[in-house]
Amino acid sequence: MLRGKSVGAVKLSNIITLHKEDFASRQIGEKLDLAVVIVGLEDRDRRGALQITTSADDRLVLSCRRNRRRTTPEIASEFNRGRQRPVSVATVKNQLAKGNLNGHVATRKPLLRLDNRLKGLQWAREHRDWTVKQ
């Protein structure tokens, strides 16, 4: 539960009580004469960065299913038109990944030349009456 050094049971209960009263770790450390590292609790609520998009924005980003050939930077630049706080390409990519729209590059396959297509057609005509045993 505690990081770093271990403290006594009394100080531990004081730390937990002050955390529940919404005191900051620095304030608790000053009151109990402890380092901030000792006071910090691991199980505190950590939410990460604030979300810049709303659920309506997320739906708008996912509406790109209509034109699946658009790139992420194109979607981001279109999305950012008229916005006060622009959204990064990484944010758009994350929203697309949440909607199971992950990018991929199609593998290239060489086209068959005319003579090879004719050879294949000739082979198919010759073997049209083959059975499974042959």
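Could you pull out the longest piece of the chain with no exposed loop trypsin sites (Lys or Arg not before Pro) in it, calling a site exposed if DSSP puts it outside H, G, I, E, B and it has at most 14 other Cβ atoms within 10 Å?
The reported range is 6-43.
Taking LYS119 as the anchor, which lysines have their alpha carbon closer than 24 Å to its alpha carbon, excluding any fewer than eight residues away along the same chain?
LYS109, LYS133
Give the longest segment of the chain that steers clear of GluC sites (Glu not before Pro) in DSSP loops with at most 16 neighbouring Cβ atoms within 10 Å, not counting the sites themselves.
43-134
Name the lysines eligible as straight-distance cross-link partners of LYS11: C-alpha to C-alpha under 27 Å, and not fewer than 8 places from it in the same chain.
By straight Cα distance, LYS11 reaches LYS20, LYS31.
Pick the calculated percent of Cα pairs over 20 Å apart for this structure from (1) 69; (2) 34; (3) 57?
For percent of Cα pairs over 20 Å apart, the calculated option is (1).
Which three extents, in whole angstrom, do the alpha-carbon atoms of the stretch 48-90 cover along their principal axes, largest first?
So the three principal-axis extents are 31, 19, 17 Å.
In debye, nearest 20: dipole of the chain around its Cα centre with unit charges on the Cβ of K, R (+) and D, E (-)?
Value, rounded to 20: 1000 debye.
None of the figures in this text is laboratory data; all of them are computed from the coordinates on show. All figures in this text were calculated on a predicted structure; none of them were measured in a lab. Positions of Cβ are backbone-derived with ideal geometry, glycine not excepted, and every protein chain shown enters the neighbour counts.
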